[in-house]
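*Asks:* Here you go, one structure.
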Amino acid sequence: MTHSATVRLRWLVTATSGELPRGRRFSTPARFEHQGDDWIRDAWSLVIETQGLPDAQGQQFATANFLVPNAPHDWLTPGKRFTLFEGKLALAEGVVE
């Protein structure tokens, strides 16, 4: 069963004015706040579908769900925090609404 959640992102990377930092829909690994430094051993990818454009502070709402069905869906509950990565580059910080 796939669980989706509304999330608030704060982008750590910039895009050209009027564009999205990574497109309308993308998938990338997410490090959740409760995971340790070796999070990559238990990494899970999120599918992000953004809504609108980021505001002046780089914040944007989106819908998130895990890429695979056997993921820990309870990590997508209100208040959970995560960081989206592209390789070693932190793309955005997020919180489940």
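*Asks:* Yes or no: the stretch 79-94 includes at least one residue that is touching a Leu at 6+ places or on another chain (Cβ under 8 Å) and assigned to a loop (DSSP other than H, G, I, E, B).
*Replies:* no
*Asks:* Within the stretch 16-59, track down each residue that is under 20 Å from GLY79 (Cα atoms), aromatic (Phe, Trp, Tyr) and within 10 Å of the chain's Cα centre (by Cα).
*Replies:* PHE32
*Asks:* Looking only at the stretch 9-24, decide whether some residue is at pLDDT 95 or above and not basic (Lys, Arg).
*Replies:* yes
*Asks:* If you don't mind, another one. So which residues in the stretch 29-68 are among the small types (Gly, Ala, Ser) and touching a strand residue (DSSP E or B) at 6+ places or on another chain (Cβ under 7 Å), if there are any at all?
*Replies:* If the condition is that a residue be among the small types (Gly, Ala, Ser) and touching a strand residue (DSSP E or B) at 6+ places or on another chain (Cβ under 7 Å), then ALA30, ALA43, SER45, GLY52, GLY58, ALA62, ALA64 are the ones that fit.
*Asks:* Considering only residues of the stretch 68-96 that are touching a residue at least 12 places away in the same chain (Cβ under 8 Å) and among the acidic types (Asp, Glu), which is surrounded by the most Cβ atoms within 10 Å (Cβ to Cβ)?
*Replies:* The selected residue is GLU93.
*Asks:* Additional query: Just name the residue that is nearest to the chain's Cα centre (by Cα) out of those in the stretch 62-92 that are among the hydrophobic types (A, V, I, L, M, F, W, C) and more than 17 Å from GLN35 (Cα to Cα).
*Replies:* Checking each candidate, the answer is ALA64.
*Asks:* Still on this model: Going through ALA56, ALA92, ALA64 one at a time, which residue ends up being more than 18 Å from ALA15 (Cα to Cα) and either touching a Gly at 6+ places or on another chain (Cβ under 9 Å) or aliphatic (A, V, I, L, M) (or both)?
*Replies:* ALA64
*Asks:* Mind checking whether some residue in the stretch 49-58 is farther than 15 Å from ALA92 by Cβ and assigned to a strand (DSSP E or B)?
*Replies:* No, the stretch 49-58 has no match at all.
*Asks:* Output the residue which, of all residues in the stretch 21-67 that are among the aliphatic types (A, V, I, L, M) and over 17 Å from PHE85 (Cβ atoms), is surrounded by the fewest Cβ atoms within 10 Å (Cβ to Cβ).
*Replies:* ALA56
The values are calculated or read from the model by the stated rules, or taken from the named source; none is laboratory data. Nothing here was measured: the structure is a model prediction, and the numbers come from that model. When we count neighbours, we look across all protein chains shown, and the Cβ atoms used for this are built from the backbone with ideal geometry, even at glycine.
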